[in-house]
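*Asks:* Here it is, the structure, as structure tokens.
The values are calculated or read from the model by the stated rules, or taken from the named source; none is laboratory data. All values reported here derive from a predicted model rather than from experimental measurement. Neighbour counts are summed over all protein chains in view; Cβ atoms, including those assigned to glycine, are modelled from backbone coordinates with ideal geometry. Accessible surface is based on the protein model in full, side chains and every heavy atom, while ligands, DNA and RNA are left aside. Shrake-Rupley method; radii C 1.70, N 1.55, O 1.52, S 1.80 Å.
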Amino acid sequence: MTVRLRGNPSTGYAWNLDAADGLSLVREDVEASAGGPIGSGASFVFELSADTAGEHVLQLAYRRPWESPSADDDTFRVTLRVVAAAPAPAPAPAPAPAPNAPKELSLGQSDSGDTLQIQRGGTVIVRLAGNPSTGYAWNLDAADGLTLVSEDFAGGGPVGSGGGFVFELSADTLGSHTLELAYRRPWESPSADDDTFRVTLEVVE
């Protein structure tokens, strides 16, 4: 803690440290005012260390050093409550490693709602049935911690008969991440009535 108090040492007066129980004086100095004439005043600087927990009084009085304390002295007095520093918060635990976590996941509509593990750097492939001739498509709404590698549609029947929307993603970031897709027209806003596919992916080493 640093205390700076104005005074004028050319008058013979100085700030005197009268009480500092529980504190240690580290430095005491007089800093002259920049640009002022000689005798124009200065700052008395006291640097102290708060070493002992508890409530302590710090008091300084402005008088000539050879004079005894007097009720007429100008004083500076504060009460300091020294407390123990709060411990640093513990880091959030990383997802527990899974020795058998796969390097690749192939997911379909029946996997929606599941929580699955995958190795970092692994590949997630999602195949969802749909029919783009209706104007509807599967839209990627959430993929935090994942990177979209490719997006495609695979049809197998006559024109307009539908097929599968295929999304390939890379699991790049350790942690628990949400993957969500919704079936709607691309120009429409998300709605609670959308058909959705949602899984939680725990990416581990």
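*Asks:* Of everything in the range 17-31, what is surrounded by 16 or more Cβ atoms within 10 Å (Cβ to Cβ) and part of a strand (DSSP E or B)? Give them in sequence order.
*Replies:* LEU17, ASP18, ALA20, LEU23
*Asks:* If I filter the range 36-45 for residues that are touching a residue at least 24 places away in the same chain (Cβ under 8 Å), within 22 Å of ARG81 (Cα to Cα) and out of contact with any Pro (no Cβ under 6 Å at 6 or more places or on another chain), do I get at least one hit?
*Replies:* yes
*Asks:* In the range 118-131, how many residues are under 14 Å from LEU181 (Cβ atoms) and open to solvent by 30 Å² or more (accessible area, probe 1.4 Å)?
*Replies:* 2
*Asks:* Could you list, in sequence order, all residues of the range 171-189 that are surrounded by fewer than 17 Cβ atoms within 10 Å (Cβ to Cβ) and under 30 Å from the mean Cα position of the chain (by Cα)?
*Replies:* Passing the criteria: ASP172, THR173, LEU174, GLY175, SER176, THR178.
*Asks:* Are there any strands (runs of 3 or more DSSP E) wholly within the range 112-205 with 2 or more residues that are within 30 Å of ASN100 (Cα to Cα) and without any contact (Cβ under 8 Å) to a residue 60 or more places away in the chain, and if so which?
*Replies:* Per the criteria, 123-130, 137-143, 146-155, 163-171, 175-184.
*Asks:* Let me ask another. In this structure, is TRP66 aromatic (Phe, Trp, Tyr) and either open to solvent by 40 Å² or more (accessible area, probe 1.4 Å) or not in a strand (DSSP E or B) (or both)?
*Replies:* So TRP66 fits the description; yes.
*Asks:* So which of PRO87, PRO37 ends up being open to solvent by 70 Å² or more (accessible area, probe 1.4 Å), within 35 Å of the chain's Cα centre (by Cα), modelled with pLDDT under 90 and not hydroxyl-bearing (Ser, Thr, Tyr)?
*Replies:* Unique residue meeting the criteria: PRO87.
*Asks:* Here's something else I'd like to know. State whether the residues of the range 170-180 include one that is at pLDDT 90 or above and within 11 Å of ALA137 (Cα to Cα).
*Replies:* No, the range 170-180 contains no residue that is at pLDDT 90 or above and within 11 Å of ALA137 (Cα to Cα).
*Asks:* Check PHE153, PHE197 and return the single one that is among the aromatic types (Phe, Trp, Tyr), open to solvent by less than 70 Å² (accessible area, probe 1.4 Å) and more than 26 Å from ALA92 (Cβ to Cβ).
*Replies:* Every option except PHE197 fails the conditions.
*Asks:* Then there is this: Before we move on, is THR79 within 30 Å of VAL57 (Cα to Cα) and touching a strand residue (DSSP E or B) at 6+ places or on another chain (Cβ under 6 Å)?
*Replies:* Against the criterion (within 30 Å of VAL57 (Cα to Cα) and touching a strand residue (DSSP E or B) at 6+ places or on another chain (Cβ under 6 Å)), THR79 qualifies.
*Asks:* Out of curiosity, is ALA154 of a type in the set (A, V, I, L, M) and out of contact with any Asp or Glu (no Cβ under 9 Å at 6 or more places or on another chain)?
*Replies:* Here the answer is yes, as ALA154 does meet what is asked.
*Asks:* Of a type in the set (S, T, N, Q) and in a helix (DSSP H, G or I), is that true of SER40?
*Replies:* Taking the combined requirement at face value, the residue does not satisfy it.
*Asks:* If you check ARG81 against the conditions, is it in a strand (DSSP E or B), surrounded by 11 or more Cβ atoms within 10 Å (Cβ to Cβ), out of contact with any Pro (no Cβ under 9 Å at 6 or more places or on another chain) and at pLDDT 90 or above?
*Replies:* Here the answer is no, as ARG81 does not meet what is asked.
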